[in-house]
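Asker: This is the structure, below, for whatever I ask next.
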Amino acid sequence: MFNGIVKKWLHRKMREESNSSLLMFNKRLDDSHMVPDIDPTLTPEEKADIILSQLTFSEKAELLGGTERMAIKGIPRLKIPKIWTTDASAGVRCFQRATAFPVPIAMAASWNREMLYKIGETIGKECRAKGVSVLLGPGVNIYRVPTAGRNFEYFGEDPFLSGEMAVSYIKGVQSKGVIATVKHFACNNSEYDRHKMNSKVDERTLREIYLPAFKSAIQKGGVKSVMSAYNPVNGVYASENRHLLTEILRDEWGFDGYVVSDWISVYSTVGPLKAGLDLEMPEGKYLNLKTIQQQIDNGLLNEADIDRPVRNLLKTFFEAGVYHRPLKDKQYPEFCAQHSQISLDAARESIVLLKNEHNFLPLNKSRIKKMIIVGEMAQNTTTCGGGSCRIKSHDSVSILEGIKNETNNEFDIEFLKATKNRLTGSEINRIASADVVLVSVGFTHVEESECYDKSWDLPDNQARMIGMVAGSNPNTIITLTTGSGVETESWISNIPAVLHCFFLGEKGGTAVADVLFGKVNPSGKLPFTMAKKWSDFGSTKYYVKKPHKTSPFRIFGPPRYPIFNKKWDLEYKEKLMVGYRHFDTQKIEPQFPFGFGLSFTEFVLSDLELSHNKIEISELAAGRRVEIRVQVTNSGNRAGSEVVQLYVRDVESSLIRPDKELKGFGKIYLEPGESKFIEMSIGLDDFSFFNSITGKWVAEPGEFRLLIGNSSQNILFNHALILTDKLMN
Ligand code: BGC
């Protein structure tokens, strides 16, 4: 009860803020064209150096703090324009309405790199149309516990899948000249007490689980901006963590863009500047002329400490071309039917068919006289979780509307709102006599949101309502609207068909109806493991016991309430055993495994071909890759898409390794009877683990298995590959 009040109050505050000028929801940017007087043929570095040399000390210091909540300051004297940023991953949040795409976890369920590129590109176009130069996404924090409030905003539990999704998305956004921001660096894996939970992670786990997606975003995606996290990592706030921001990010990975803080996550002046932070947002509370001057006077900073971040900012903006173009690009629409269609296509590819006993779905319209749809979620379908990812769209199709549009009065549809998830006796009787019933359950954007965690159980009495409906009518379908896994064990055995529908953006209801009636063959695969019990996860025994309990002191964190500013350790003691790595290594049966999702057709995998059965480590080190081809045939009678997944198991390892790890995948669309090859390849990194004593990645000689299948548990090929090391023979 207290919980619910706090959450609702917070969202009312957020709504008020967003409707005021603060969050820039309703603001429209004025078009402007201010171009610095600088030779456009110079390199970005040369331009940055010239501008830097023309800036006064005060101008430089003031540049390090943001302005107007979402902007990076300009220097009017030198005709350097202000840069506007916006959230983020599911669409353009600020500056009036925009296309709302499925949330990132749903995007990841598509396992479709091209789709992610297209979404990124479309969001990039809408940014350009609105005058935004920096998108504050994507987020790539790993799904460590199923109750984390922002799981919906990230790409799931696997570092490789997250990295691949991020790379395509970033390339799409940046192809339109908009700077993408990979966030939250690092280990902001839940929201329970995000300002104070000190993520205590050993170096190997950090490198193998929590950092790879960031590394891919930088090295493969070329992302130009990184946002630090709220939380401390191993005792040091992420915004002043030199190990992360300089030693790893710049020295090891070669990142050459700028690092921005999360909003209100800077806690001092010297630490962040010495650690490698370049910009404090939304304003320079600690990074401003006065505080910087004081620390220079104290001898703790010098001018070079502010030249570095200013140069990083200027160079990145010159490189992206944002100083040399008009704020808005008129060739792009702020939204349009084509963008909405891309959102619908993405939603269709994201839905995961979890259960379909005796081919219950797709529904045959000609056999239905009466359908009953139960649950408020069907009418007010959540399009996006709460917080900074939430997009105001022009349109939004609920599940109820989607079904009504698709069936066009071909049979009788009755909607039962089931207020407070209760049903009357007469409603139960009507349910009993219907041909088919759909119960729509899940979380609202208040129940699942940034700032706090969510519950593992379905909220309120939804599970009980499912039981009542299924007890009266066995022909019951469940749609789950949530950004992560939930408790299903208590009700699922009596249900013939279950769809995981995530938060699908503005056209979600249409996509759900398309799958229910077979217009679309589902092809989504879970980007996380769904467990039978909360305690089955490797992480939950080291997590807080009541994650969904909220407190204002945890939500607002240190800056407003310094007396509650005490960090506490959140130990990542399960180490590498996150998600399926834990379930498969410990042989725990999940409810639905990572990578799982059913189709209305069947696929056969055959003709596995490998370029090598044995390969020298030195060859891999020189860049040679093992090429893998496998044929996929659609042996059913409907067109559809399959996701083929490649996992690597290290059979002979000197250190404990997970049972298997995803290292490749491909998605392919096939007509009935059609066959095509999927090609994947793996290189040295895919065999390696991180040795925290030497600080190096190591691939050891010996036997590996290449496991190929269509989920982490349905492995259809198990093929040996030997790594040899001539230096050891
Ligand atoms: C979130 C960031 C977001 C920022 C700006 C913060 O609360 O953690 O992800 O980019 O706000 O809206």
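The values are calculated or read from the model by the stated rules, or taken from the named source; none is laboratory data. Please read these numbers as outputs of a predicted model, since none were measured by experiment. Ideal geometry is used to build each Cβ from the backbone, glycine not excepted, and the neighbour counts take in all protein chains shown.
Asker: Check whether at least one residue in the range 132-153 is among the basic types (Lys, Arg), touching a strand residue (DSSP E or B) at 6+ places or on another chain (Cβ under 9 Å) and crowded, with 24+ Cβ neighbours inside 10 Å, and report yes or no.
Answerer: Yes: the range 132-153 contains one or more residues that are among the basic types (Lys, Arg), touching a strand residue (DSSP E or B) at 6+ places or on another chain (Cβ under 9 Å) and crowded, with 24+ Cβ neighbours inside 10 Å.
Asker: Now for a different question. Just the residues that are among the aromatic types (Phe, Trp, Tyr) and within 16 Å of the ligand (Cβ to nearest atom), please, taken from the range 158-186.
Answerer: If the condition is that a residue be among the aromatic types (Phe, Trp, Tyr) and within 16 Å of the ligand (Cβ to nearest atom), then Tyr169, Phe185 are the ones that fit.
Asker: Something else about it: Kindly provide the set of residues from the range 100-123 that are under 29 Å from Lys73 (Cα atoms) and crowded, with 24+ Cβ neighbours inside 10 Å, ordered by number.
Answerer: Correct list: Ala100, Ile119, Gly120, Thr122, Ile123.
Asker: Ok, one more. Taking the range 194-223, which residues are surrounded by fewer than 24 Cβ atoms within 10 Å (Cβ to Cβ) and charged (D, E, K, R)?
Answerer: Across the range 194-223, the qualifying residues are Lys196, Lys200, Asp202, Glu203, Arg204, Arg207, Glu208, Lys215, Lys220.
Asker: Can we say Gly375 is within 16 Å of the ligand (Cβ to nearest atom) and within 20 Å of Thr488 (Cβ to Cβ)?
Answerer: No; evaluated as a whole, the condition is false for this residue.
Asker: Further question: Return the pairs, sorted by first residue and then second, in which the second residue is more than 16 Å from the ligand (Cβ to nearest atom) and in a loop (DSSP other than H, G, I, E, B), the first residue lies in the range 370-389 and is closer than 26 Å to Asn429 by Cβ and of a type in the set (D, E, K, R), the beta carbons are less than 6 Å apart, and the residues are 6+ apart or on different chains.
Answerer: If the second residue must be more than 16 Å from the ligand (Cβ to nearest atom) and in a loop (DSSP other than H, G, I, E, B), the pairs left are Lys370/Ala434; Lys370/Asp435; Glu376/Lys417.
Asker: Looking at (1) within 16 Å of the ligand (Cβ to nearest atom); (2) surrounded by 15 or more Cβ atoms within 10 Å (Cβ to Cβ); (3) not charged (D, E, K, R), can you tell me which one Ala61 breaks?
Answerer: (1)
Asker: Further question on the same structure: Anything in the range 106-157 that is touching a His at 6+ places or on another chain (Cβ under 8 Å) and within 16 Å of the ligand (Cβ to nearest atom)? List them, or say none.
Answerer: Within the range 106-157, Gly139, Asn141 qualify.
Asker: Please verify whether the range 261-277 includes one or more residues that are without any contact (Cβ under 8 Å) to a residue 12 or more places away in the chain and either away from the ligand (no atom under 16 Å from the Cβ) or of a type outside the set (A, V, I, L, M, F, W, C) (or both).
Answerer: No: the range 261-277 contains no residue that is without any contact (Cβ under 8 Å) to a residue 12 or more places away in the chain and either away from the ligand (no atom under 16 Å from the Cβ) or of a type outside the set (A, V, I, L, M, F, W, C) (or both).
Asker: Among the residues of the range 330-349, what is the count of those that are surrounded by fewer than 20 Cβ atoms within 10 Å (Cβ to Cβ) and either in contact with a strand residue (DSSP E or B) (Cβ under 9 Å, 6 or more places away or on another chain) or modelled with pLDDT under 95 (or both)?
Answerer: Of the residues in the range 330-349, 1 are surrounded by fewer than 20 Cβ atoms within 10 Å (Cβ to Cβ) and either in contact with a strand residue (DSSP E or B) (Cβ under 9 Å, 6 or more places away or on another chain) or modelled with pLDDT under 95 (or both).
Asker: Output the qualifying pairs, or none if there are none: Cβ atoms under 6 angstrom, residues six or more apart or on different chains, first residue in the range 45-56 and within 11 Å of Asp307 (Cα to Cα), second residue among the charged types (D, E, K, R).
Answerer: Cβ pairs passing all conditions: Ala48/Arg311; Ala48/Lys315; Leu52/Arg311.
Asker: Return a yes/no flag: does the range 584-604 have any residue that is loosely packed, with under 15 Cβ neighbours inside 10 Å, at pLDDT below 95 and among the β-branched types (Val, Ile, Thr).
Answerer: no
Asker: In addition: Can we say Val352 is of a type outside the set (Ser, Thr, Tyr) and surrounded by 24 or more Cβ atoms within 10 Å (Cβ to Cβ)?
Answerer: yes
Asker: Is there any pair linking a residue in the range 121-138 that is farther than 22 Å from Gly387 by Cα to one that is more than 16 Å from the ligand (Cβ to nearest atom) and among the acidic types (Asp, Glu), with Cβ under 6 Å and at least six apart or on different chains, and which?
Answerer: Close Cβ pairs satisfying both conditions: Arg128/Asp329; Ala129/Glu334.
Asker: Still on this structure, please answer the following. Please list, ordered by first then second residue, the pairs with beta carbon atoms under 7 Å, 6 or more apart or interchain, first in the range 675-688 and free of Cβ contacts under 8 Å to residues at least 24 places away in the same chain, second part of a strand (DSSP E or B).
Answerer: Short answer, once both residue conditions are applied: Asp685/Trp697; Ser688/Trp697; Ser688/Val698.
Asker: Val648 is checked against (1) assigned to a strand (DSSP E or B); (2) over 31 Å from the mean Cα position of the chain (by Cα); (3) under 19 Å from Gly623 (Cα atoms); (4) of a type outside the set (S, T, N, Q) and fails just one. What number does that condition carry?
Answerer: Of (1) assigned to a strand (DSSP E or B); (2) over 31 Å from the mean Cα position of the chain (by Cα); (3) under 19 Å from Gly623 (Cα atoms); (4) of a type outside the set (S, T, N, Q), only one is false for Val648: (2).
Asker: Also: Can you tell me which residues in the range 284-311 are under 26 Å from Phe214 (Cβ atoms) and either in a loop (DSSP other than H, G, I, E, B) or within 16 Å of the ligand (Cβ to nearest atom) (or both)?
Answerer: Matches in the range 284-311: Gly284, Lys285, Tyr286, Leu287.
Asker: Within the range 6-24, identify whether any single residue is in contact with a Phe, Trp or Tyr (Cβ under 9 Å, 6 or more places away or on another chain), outside any helix (DSSP H, G or I) and either at pLDDT 95 or above or not hydroxyl-bearing (Ser, Thr, Tyr) (or both), and answer yes or no.
Answerer: Yes, the conditions are met somewhere in the range 6-24.
Asker: Look through the range 355-392, keep the residues that are buried (at least 22 other Cβ atoms within 10 Å of the Cβ) and of a type in the set (Ser, Thr, Tyr), and return whichever of them is nearest to Leu504 (Cα to Cα).
Answerer: Thr383
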